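**Q** One structure follows; several queries about it will come next.
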Amino acid sequence: DGGITQSPKYLFRKEGQNVTLSCEQNLNHDAMYWYRQDPGQGLRLIYYSQIVNDFQKGDIAEGYSVSREKKESFPLTVTSAQKNPTAFYLCASRGPKNTEAFFGQGTRLTVV
Amino acid sequence: AQSVTQPDIHITVSEGASLELRCNYSYGATPYLFWYVQSPGQGLQLLLKYFSGDTLVQGIKGFEAEFKRSQSSFNLRKPSVHWSDAAEYFCAGTMDTGRRALTFGSGTRLQVQP
């Protein structure tokens, strides 16, 4: 089945640690996105990539980094510079114009 | 700035009653519009989408939405709500240019009373 796989489902981070969230898609989509979801704030765009080896900052990129070395993969690293990383993180991908975005099942990150 | 607004944070309806969730958009031109649903701890599932043409759009699970340009709205409706419809609903839009990312409203949490 085609889709987007995020792992792990739950992740715990200690203060000062970097952690990496995985996002893999087999939909052959060029565009991929990372969103952060906090209660009552909807989804906010962290980073996006429209093609392999290229990515751009979204609206809340501070404290995060990404890479896009393969079309299928768009991992997100939450660095120690992110002061409030506890949130639900969603990865999405989109195909050509006039199509919707497809979402993974999310990763819940908690700082301990 | 491009934005999507969902005025209702939380709505409670009785099972079998009709439902309307509000969504307003602010774009320079007509955007592509979407409604997604999210169960707790899960990803987002597409309910329906509007790109152009017929302003009444049918989606999955018996949902429909009407695009009204004069009101900058794209409200989601269902004639008879089921207990399984309890979830959070997000309206989203994009001009599908530039970064092509969807901009989301803050969501409406639907509670269904027996």
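**Q** Please work out if A:K57 is at pLDDT 95 or above and out of contact with any strand residue (DSSP E or B) (no Cβ under 7 Å at 6 or more places or on another chain).
**A** no
**Q** Now a separate question. Please enumerate the residues belonging to region B:31-41 that are touching a residue at least 40 places away in the same chain (Cβ under 8 Å), within 9 Å of another protein chain (Cβ to nearest Cβ) and not polar (S, T, N, Q).
**A** B:Y32, B:F34, B:Y36
**Q** Could you count how many residues in region A:88-105 are in contact (Cβ under 8 Å) with a residue 60 or more places away in the chain and either in a loop (DSSP other than H, G, I, E, B) or at the interface with chain B (Cβ under 7 Å from one of its Cβ atoms) (or both)?
**A** 7
**Q** Checking B:A101 against (1) buried (at least 20 other Cβ atoms within 10 Å of the Cβ); (2) outside any loop (DSSP other than H, G, I, E, B), which test does it fail?
**A** Unmet for B:A101, out of (1) buried (at least 20 other Cβ atoms within 10 Å of the Cβ); (2) outside any loop (DSSP other than H, G, I, E, B): (2).
**Q** Given the options B:S26, B:S39, B:S14, name the one that is small (G, A, S), at pLDDT below 95 and more than 15 Å from B:K61 (Cα to Cα).
**A** B:S26 is the lone residue from the list that is small (G, A, S), at pLDDT below 95 and more than 15 Å from B:K61 (Cα to Cα).
**Q** If you don't mind, another one. On the given criteria, is B:R77 under 23 Å from A:F102 (Cβ atoms) and of a type in the set (K, R)?
**A** No, not satisfied.
**Q** Still on this structure, please answer the following. Which of the residues spanning region A:61-85 are closer than 15 Å to A:Q37 by Cα and touching a Leu at 6+ places or on another chain (Cβ under 7 Å)?
**A** Within region A:61-85, A:Y64, A:L76, A:V78, A:P85 meet the criteria.
**Q** Restricting the search to region B:104-114, which residues are farther than 17 Å from B:D8 by Cα and either modelled with pLDDT of 95 or more or within 14 Å of chain A (Cβ to nearest Cβ) (or both)?
**A** Passing the criteria: only B:Q113.
**Q** In region B:10-47, how many are charged (D, E, K, R) and not in a strand (DSSP E or B)?
**A** 2
**Q** Of the residues A:G63, A:G16, A:G42, A:G3, only one is small (G, A, S) and out of contact with any Ser or Thr (no Cβ under 7 Å at 6 or more places or on another chain); which?
**A** A:G3
**Q** Within the bounds of region A:26-49, is there any residue that is within 11 Å of chain B (Cβ to nearest Cβ), touching a Leu at 6+ places or on another chain (Cβ under 6 Å), surrounded by fewer than 16 Cβ atoms within 10 Å (Cβ to Cβ) and without any contact (Cβ under 8 Å) to a residue 24 or more places away in the chain?
**A** Looking through region A:26-49, none of the residues is within 11 Å of chain B (Cβ to nearest Cβ), touching a Leu at 6+ places or on another chain (Cβ under 6 Å), surrounded by fewer than 16 Cβ atoms within 10 Å (Cβ to Cβ) and without any contact (Cβ under 8 Å) to a residue 24 or more places away in the chain.
Let's see how each residue does on (1) out of contact with any His (no Cβ under 9 Å at 6 or more places or on another chain); (2) without any contact (Cβ under 8 Å) to a residue 24 or more places away in the chain; (3) facing chain A (nearest Cβ under 10 Å); (4) surrounded by 13 or more Cβ atoms within 10 Å (Cβ to Cβ):
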{"residue": "B:D8", "(1), (2), (3), (4)": "yes, no, no, yes"}
{"residue": "B:A29", "(1), (2), (3), (4)": "yes, no, no, no"}
{"residue": "B:G43", "(1), (2), (3), (4)": "yes, yes, yes, yes"}
{"residue": "B:F51", "(1), (2), (3), (4)": "yes, yes, yes, yes"}
{"residue": "B:K61", "(1), (2), (3), (4)": "no, no, no, no"}
{"residue": "B:K68", "(1), (2), (3), (4)": "yes, yes, no, no"}
{"residue": "B:V81", "(1), (2), (3), (4)": "yes, no, no, yes"}
{"residue": "B:T94", "(1), (2), (3), (4)": "yes, no, yes, yes"}
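The values are calculated or read from the model by the stated rules, or taken from the named source; none is laboratory data. The shown structure was predicted, so the numbers you read here are calculated from the model rather than taken from an experiment. As a convention, Cβ positions derive from the backbone with ideal geometry for all residues, glycine included, and neighbour counts pool all protein chains shown.
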